[in-house]
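The values are calculated or read from the model by the stated rules, or taken from the named source; none is laboratory data. Computed from a predicted structure; not experimentally measured. Please note: Cβ atoms are built from the backbone with ideal geometry, for glycine as well, and neighbour counts cover all protein chains shown.
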């Protein structure tokens, strides 16, 4: 199950990055490492099977740009393959960006979805943020309960580690509260603006 979730997250990450710009495989891997911290452990062994599957599905295509003044026999070795998104790939990306279920709230899935929030509908963004907050609030309850049970039985360093984990989750919940507040305020403002621009229906006048 974890493997399938990871594959889905990687598919979203690859399609999202290729939507921004075509890339070589090595460049794509560097962007994944830089943009998505959780993917620091990515290797060619995990990325290229994903690219192969996307190619087979017609979601991306390979492009080998010709190098001027280079013999054709050498081009096959020296040219780098550039991966580009297809129209089907763009449709698949939009489909993935509308998913706001529990998989988008988990640590791995949330980070990837959040990285592409600029391409995500406002209502979907809000559902993901609220789902993530709900998941972390559940985690907070478990951490506090565990800390209360073990406080008298653990050494100072273990206690500090547990407090650090608790504070990290509390910080993220506060951050999510701020994001959710801004999202709601922006949506309310957009609703007000759209209602102002909607012309009133003409009233019928008696003859």
Report task. Mind telling me which of the residues 130, 99 ends up being outside the structural domain of residue 14 (by TED's automatic domain parsing), within 30 Å of residue 50 (Cβ to Cβ), surrounded by 12 or more Cβ atoms within 10 Å (Cβ to Cβ) and under 26 Å from the mean Cα position of the chain (by Cα)? Result -> 130
Query raised in the report: Which residues, taken from region 110-124, are part of a helix (DSSP H, G or I) and under 17 Å from residue 176 (Cα atoms)?
Result: 110, 111, 112, 113, 114, 115, 117, 118, 122, 123, 124
Query raised in the report: residue 39 is checked against (1) out of contact with any helix residue (DSSP H, G or I) (no Cβ under 7 Å at 6 or more places or on another chain); (2) modelled with pLDDT under 80; (3) surrounded by 15 or more Cβ atoms within 10 Å (Cβ to Cβ) and fails just one. What number does that condition carry?
Result: (1)
Query raised in the report: Just to be sure, is residue 89 touching a strand residue (DSSP E or B) at 6+ places or on another chain (Cβ under 6 Å) and either outside any loop (DSSP other than H, G, I, E, B) or at pLDDT 90 or above (or both)?
Result: yes
